[in-house]
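Read the structure below first, then the notes.
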């Protein structure tokens, strides 16, 4: 068994901390479910761009559900224990969905690159069938790379402390509790991060560099503004996801002497904020989804008035 501390030194106000976390879960789960329902029920949105948005919503939903059992167990039942197998499963799910989100954002950046830099060939290059194929590759890339890391943890002895400083399991923390040589996990884990998340980030930056070059060459200011507006929602999602993730990785690897509150804050921002903000960003910035939500609320309102 491992012991999840949750929010050390804040046990007295734990019932107040529960409120913002419950709100974040509520917004993340309901918001992403709403995005999926809107895309599924609106046949006009059955296009490659919205298929990718569906992938992103599913990933955010999975990331939220992965942390939900242990976090709410601490808040609702004050239960801090977690079995090693459950810890492995949760760790695998959290990191898999994180890598999956990075991959989806990379594919979405390629979609925006083609839409702006090669608009006449967009319908030929970006097809629904091609998006599904890329999606399948993306789904298996992260989990397959993670299997050796998670399985090897089972064979490590844990003869010292078994206290984890969060309300969920992360590989970076569990590996520090093993009282044996963990060089393989450290090096392999670093390699997985570099060749997945960091590589995705570099390719996303490259695609936006090419997008900016194309936008700068447009004739009028209105054309440049219109072209850039098609990227704002995706760019916001990229920043919301990658900034906390890179910060958390740097803190874990190079900030060993940083206060525990810094580790706790970065880990919670990295896992809870992107799934909550992404549906809000796309609901506000994407005209078709915004119109559908407004139309649905308008219908609900008219139905209520007719019943009254």
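Quick notes
- For beta carbons closer than 7 Å, sequence separation of 6+ or different chains, a first residue in region 66-92 that is at positive phi and in contact (Cβ under 8 Å) with a residue 60 or more places away in the chain and a second that is surrounded by fewer than 17 Cβ atoms within 10 Å (Cβ to Cβ) and in a helix (DSSP H, G or I), there are no qualifying pairs.
- Condition check for residue 39: assigned to a helix (DSSP H, G or I) and under 19 Å from residue 280 (Cα atoms): yes
Per-residue answers, yes or no, for (1) under 25 Å from the mean Cα position of the chain (by Cα); (2) at pLDDT 75 or above; (3) buried (at least 16 other Cβ atoms within 10 Å of the Cβ):
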residue	(1), (2), (3)
213	no, yes, no
218	no, no, no
222	no, yes, no
236	yes, yes, yes
246	yes, yes, yes
270	yes, yes, yes
281	yes, yes, yes
295	no, yes, no
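- Of the residues making up region 37-55, not a single one is crowded, with 17+ Cβ neighbours inside 10 Å, at pLDDT 90 or above and within 23 Å of residue 82 (Cβ to Cβ).
- For residue 193, the conditions (1) surrounded by fewer than 15 Cβ atoms within 10 Å (Cβ to Cβ); (2) in contact (Cβ under 8 Å) with a residue 24 or more places away in the chain; (3) assigned to a helix (DSSP H, G or I) are fulfilled apart from (1).
- The helices (runs of 4 or more DSSP H) found entirely in region 114-186 that carry 1 or more residues being within 30 Å of residue 265 (Cβ to Cβ), at pLDDT 85 or above and touching a helix residue (DSSP H, G or I) at 6+ places or on another chain (Cβ under 7 Å) are 128-153, 171-174.
- Any hit, region 94-111, residues being over 24 Å from residue 181 (Cα atoms), modelled with pLDDT of 85 or more, buried (at least 20 other Cβ atoms within 10 Å of the Cβ) and over 19 Å from the mean Cα position of the chain (by Cα): no
Quick grid of which residues meet (1) closer than 15 Å to residue 273 by Cα; (2) at pLDDT below 90; (3) within 22 Å of the chain's Cα centre (by Cα); (4) part of a helix (DSSP H, G or I):
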site: 14; (1), (2), (3), (4): no, yes, no, yes
site: 33; (1), (2), (3), (4): no, no, yes, yes
site: 66; (1), (2), (3), (4): yes, no, yes, yes
site: 72; (1), (2), (3), (4): no, yes, yes, yes
site: 76; (1), (2), (3), (4): no, yes, no, yes
site: 79; (1), (2), (3), (4): no, yes, no, no
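The values are calculated or read from the model by the stated rules, or taken from the named source; none is laboratory data. Predicted model only: the values in this text are computed from it and were never measured. Glycine also receives a Cβ, built like all others from the backbone with ideal geometry; neighbour counts cover every protein chain displayed.
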